[in-house]
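Enquirer: So that we are looking at the same thing, I have put the structure below in structure tokens.
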Number of protein chains: 2
Amino acid sequence: MTAIDFTGFFERLARDSGEVILPFFRSHLGVEDKSAPGAPRGFDPVTEADRAAETVLRRLIGATFPDHGIIGEEFGTINPGADYVWVLDPIDGTRSFISGVPMWGTLIGLMHHGVPAYGVMNQPYTSERFRGDGHSASLTHADNPPRPLHSRRCATLAEATLMTTSPYLFGDEERPLYKGVEAEARLVRYGCDCYAYCMLASGHVDLVIESGLQPYDIVALIPIVEGAGGKVTNWQGGPAASGGNIVASGDASLHEQVLKRLNR
Amino acid sequence: MTAIDFTGFFERLARDSGEVILPFFRSHLGVEDKSAPGAPRGFDPVTEADRAAETVLRRLIGATFPDHGIIGEEFGTINPGADYVWVLDPIDGTRSFISGVPMWGTLIGLMHHGVPAYGVMNQPYTSERFRGDGHSASLTHADNPPRPLHSRRCATLAEATLMTTSPYLFGDEERPLYKGVEAEARLVRYGCDCYAYCMLASGHVDLVIESGLQPYDIVALIPIVEGAGGKVTNWQGGPAASGGNIVASGDASLHEQVLKRLNR
């Protein structure tokens, strides 16, 4: 990864944000609707936990690395031209969160000269922490020792398990292209957000296809997927760090096949 | 519940089956395709873990209550006319299981004179155990003390969070009725299987609508949902224990509204 070893600092960020978020999970908080009128499903909740956790993360980063940049879901961007830029989504999967389902996670990514260099997905309720640096990836669950992660081979779409957050999130242009891939996949699962990419890195899922992502939805996940041997690009095969339409594959040849279909 | 206190025995069944299943979760086992050709999505996996766990459950029940009946997903029915009949699904949510996602659970139900009297949903990976006896329900997570469960009020469909396993599992007759309800719900989540009913009992979700369930998919969940204050019936408003088309609601008045819509 980078010249500086951020490993211990990442663990601290994950632990401290998890401690802030966990008391809010499955409590009965008011949920605020921040979506624009006419947005798909009209409902993009954000909880107090989101803000409390991002505040903690920003405070820790600002105190430790005052010259670093930060891009966060809740409180915007500071110093985006810095050598190191942190990319934060305190609760990716807010719809799961407010439904009591633990398919959400805290995404903490670090870009170095514009390239995703290190990422953590922390799930404090299930006590799972996925990490990657683009060269290797690992998972810690509860008190077990870290387990290295490897994506799996999958030669054809007909053998693939596909995940996406919701089939309703694709735009009119993307939907038929996505649907064409979905129709040929062996198994399709919805509703997993960041968890889908972590399952791909773990070798349980072969393909994640999404649209309309923000950088904070994907930057932390790229070093995890790539560290496990997978690929993440936009639908044109270019860098994924800016978000938009994203495809991740555990197998490079499957990735090529799917890119062709998404660009018909 | 019933005259005999089965509480301790349920805990033993949950613990022992969880110990059998857990080593199989996220291991790379062969998955067998037991679905009939032309079945929806063509893929109904069953793992070795399913069979190993049901074997353990049947052995324990047979040794302790040899005159009780058993209905199980994997190994069929014995003595279904007994006063007490156990209804077992060792892994409800096999599609989640093989995708590495912890949205599955072991369902252990007990019917007394044909009525669901006690049920447990055990999730050994997240260390969650939901229980109910039709009068009360509780959740234990990890080492925390049991927490009583209460479903929440939800006056109208427009305020409701709805869960279903997959919008593709409904038959041609049921799909438009389901879709009519889905279109008016506030938030829809897919892919949760038994977890959906437990989130409803926990007051995070208002509505679960499914079709084509087997008795072992639902019997254990009925005393949990009803114990938390919710309702579970078939789409006609009759008893749910035989499976089929099922609707569960956290709020009795919402339940009536939804039944009307499903019977248009």
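Enquirer: With +1 assigned to the C-beta of every Lys and Arg and -1 to the C-beta of every Asp and Glu, and no other charges, what is the dipole magnitude of the protein assembly as shown about the Cα centre in debye, to the nearest 20? Before the final figure, lay out each step's value.
Expert: Values: 44 positive and 64 negative charges, 46 e Å.
Computed about the Cα centre, the dipole is about 220 debye.
Enquirer: Also, quick follow-up: Please give the average number of partner chain Cβ atoms lying within 10 Å of the Cβ of each residue in A:89-101, rounded to a whole number.
Expert: Shielding by partners across A:89-101 averages 4.
Enquirer: Here's another thing I want to ask about it. In the Gaussian network model of chain A, springs joining C-alpha atoms below 10 Å, which of A:R12, A:R58, A:R129 carries the largest mean-square fluctuation?
Expert: Result for chain A, Cα springs under 10 Å: A:R12 fluctuates most.
Enquirer: Next question. Work out how much length A:R153 to A:Q214 would gain on full extension: take 0.36 nm times their residue separation and subtract the Cα-Cα distance, in nm to one decimal.
Expert: Extending this stretch completely gives an extra 19.1 nm.
Enquirer: Just to be sure I understand: if I project the alpha-carbon convex hull of the protein assembly as shown onto a plane and average over all orientations, what area do I get in nm²?
Expert: Taking a quarter of the hull surface, the average projection is 23.2 nm².
Enquirer: Note the angle between two axes, namely the Cα long axis of helix B:48-64 and the longest principal axis of the Cα atoms of chain B, as a number of degrees from 0 to 90, rounded to the nearest 10.
Expert: Relative to chain B, helix B:48-64 is tipped by roughly 70 degrees.
Enquirer: Which loop chymotrypsin sites (Phe, Trp or Tyr not before Pro) in the stretch A:144-252, with loop taken from DSSP, have no more than 15 other Cβ atoms within 10 angstrom of their Cβ?
Expert: none
Enquirer: Further question on the same structure: Got the A:L60 label distances to the other copies yet, label 7 Å along Cα→Cβ, in nm, shortest first?
Expert: Label point to label point, same position, other copies: 3.9 nm.
Enquirer: Put a point 7 Å out from Cα along the line to Cβ at B:P145; what are the distances to that point in the other copies, in nm, shortest first?
Expert: Its label point is 3.8 nm from the equivalent points in the other copies.
Enquirer: Just to be sure I understand: with springs between alpha-carbon atoms less than 10 Å apart, which residue in A:D67, A:D92, A:D133 has the highest mean-square fluctuation in the Gaussian network model of chain A?
Expert: Result: A:D67 has the largest fluctuation of those listed.
Enquirer: If contacts are Cα pairs under 8 angstrom and at least 6 residues apart, what is the relative contact order of chain B in percent?
Expert: Rounded, it is 16 percent for chain B.
Enquirer: Moving to a separate point now. Could you work out how far helix A:174-184 tilts from the main Cα principal axis of chain A, as a 0 to 90 degree angle to the nearest 10?
Expert: Tilt relative to chain A: about 60 degrees.
Enquirer: For A:V205, enumerate residues with amide H under 5 Å from its amide H, sequence gap 5+ or separate chain, H modeled in the peptide plane.
Expert: Under 5 Å from the amide H of A:V205: A:L200.
Enquirer: Show the residues, 5+ positions off or on another chain, whose built amide H is closer than 5 Å to the amide H of A:S211.
Expert: A:I246
Enquirer: Taking the 0 to 90 degree range and rounding to the nearest ten, how far is the long axis of helix A:252-262 tilted relative to the main principal axis of chain A, both from C-alpha atoms?
Expert: 70
Read the figures in this text as sums done on the coordinates, not as results from a lab. Please read all numbers here as calculations on a predicted model, not as lab measurements. FYI the Cβ positions are ideal-geometry reconstructions off the backbone, even for glycines, and counts take in every protein chain you see.
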